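The values are calculated or read from the model by the stated rules, or taken from the named source; none is laboratory data. These figures come from a predicted structure and were not determined experimentally. Here the Cβ positions follow ideal geometry from the backbone for every residue, glycine too, while neighbour counts run over all protein chains shown. Ligands, DNA and RNA are excluded from the accessible area calculation, which covers all protein heavy atoms including side chains. Shrake-Rupley method; radii C 1.70, N 1.55, O 1.52, S 1.80 Å.
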Amino acid sequence: MQFQQLLYFVAVAETRHFTRAAEQVHVSQPSLSQQVRALEKELGAELFSRARGNIALTDAGEALLPLARRILADADTARIEVQELAQLRRGRIRLGATPSVCTGLLPEVLRAFHDRHPGIQLLLEEGGSHDLVRELARGALDLALVVLPLPSPSPALTTVELLREDLVVVSSPDAPGLGNSVRVADLQGERLVMFRHGYDLRELTVAACRAAGFEPDFAVEGGEMDAVLGFVQAGLGVAVVPRMVAERAGRGLRVTPLARPSLHRTIALAHRSDVAPPRAARELQRMLLAPPGVQ
């Protein structure tokens with residue numbers, strides 16, 4: 001009994017027509033009929049009644065049909081599983097992330113993933129959450145690390161909270177000290193080094209200042225993360241950044257925690273709800289969501 005014979009048998013059983021079945025499986029009708037006859041000879045029983053051109057299943061055919069469908073379904077499952085394993089040896093992942101997440105969270109995880117799956121190409125796109133959500137929705141990204149709440153909630157996306165991170169104030173080591181902690185209200189009178197429009201940190205910081213009753217004073221604005229840290233280190237002003245980024249910046253910055261009520265942000269992993277991420281992307285997702293040390 002051959003797999004191909006079962007495929008032809010099921011096609012005839014479903015169409016009740018040898019010519020249409022042959023068209024469905026893309027073979028000639030004589031070849032299909034010959035293979036079905038060979039299957040019947042192998043089994044020792046006729047599978048179809050061919051009286052006057054009407055095709056009907058015999059009792060033997062009725063008994064074989066659910067078994068043949070199960071065998072074909074199992075074979076299809078096996079093919080998919082093998083292809084997905086192959087995807088972990090080659091392929092690509094299109095990952096979006098906010099710039100601060102690229103600086104703080106991703107390097108170690110991506111290194112571990114690359115060490116485990118060196119054949120997977122990692123394509124990274126940096127952007128604000130609004131831009132990343134748009135790219136996910138149009139299918140340009142497989143996964144994205146975004147800041148919650150999303151700028152415009154989308155029912156087409158699935159988000160899983162990854163971590164909640166405190167924000168801190170960074171300043172130049174030569175600048176006057178801000179004390180052991182600082183309130184958002186204490187930033188009134190401080191000149192801020194501010195990110196460009198589209199950064200989640202910009203919107204969060206400006207909103208916190210306005211909630212405290214003042215408009216922030218910008219010394220420089222429009223920078224990316226590396227530029228903002230460099231300007232702060234040069235003494236141009238202070239900035240509000242994620243703790244993880246501040247700790248990775250090294251000794252060139254003074255880090256001051258925000259007093260309660262402190263500021264924090266929530267990072268989530270997002271993907272489209274209607275399309276399952278590729279196998280390699282699901283493996284990266286698993287590593288991102290795994291507790292430290294369990295990757």
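Of note:
- Taking a sphere under 14 Å around the Cβ of Pro107 and counting the other residues whose Cβ falls inside, with K and R at +1 and D and E at -1, yields a net charge of -3.
- Electrostatic bookkeeping for Ser181 treats Lys and Arg as +1 and Asp and Glu as -1; over the other residues with beta carbon under 14 Å from its beta carbon, the sum is +2.
- Asp59 contributes an accessible area of around 140 Å² to the protein surface, as traced by a 1.4 Å probe with all chains present.
- Think of a 1.4 Å ball rolled over the protein heavy atoms: the chain then has 53 Å² of accessible area per residue.
- For Ala175, residues with placed amide H under 5 Å, excluding near neighbours: none
- Two-decimal log10 I(q)/I(0) for the chain, as the Debye equation yields it once each C-alpha is a single scatterer, q = 0.07, 0.12, 0.16 Å⁻¹: -0.47, -0.83, -1.16
- Dividing the radius of gyration of the alpha carbons in segment 22-61 by their Kirkwood radius gives 0.99 for Rg/Rh.
- Choice from Glu125, Glu203, Glu40 with maximal GNM fluctuation in the chain (Cα, 10 Å cutoff): Glu40
- Candidates Ala63, Ala219, Ala140, ranked by Gaussian network fluctuation over the chain, Cα under 10 Å, top entry: Ala63
- Computed from label points 7 Å out along Cα-Cβ, the spacing between Ile71 and Glu126 is 5.7 nm.
- With a simple spin-label model that places each label point 7 Å from the Cα along the Cα-to-Cβ direction, the separation between Glu135 and Asn180 comes to 4.3 nm.
- According to the calculation over all Cα-Cα pairs in segment 213-272, the P(r) per 5 Å bin from zero is 3, 14, 23, 22, 20, 10, 5, 2, 0 %.
- Counting only whole DSSP H helices of the chain, the ones at least 20 Å long by C-alpha along their axis and with mean Kyte-Doolittle hydropathy no lower than 0.0 are 59-87.
- Kirkwood hydrodynamic radius (C-alpha pairs) into Stokes-Einstein, segment 1-140, 37 °C and 0.692 mPa s, D in µm²/s: 170
- Accessible-area composition of segment 69-213, carbon plus sulfur, in percent [1.4 Å probe]: 50
- Most mobile of Gln188, Gln35, Gln233 in a GNM of the chain (Cα contacts under 10 Å): Gln35
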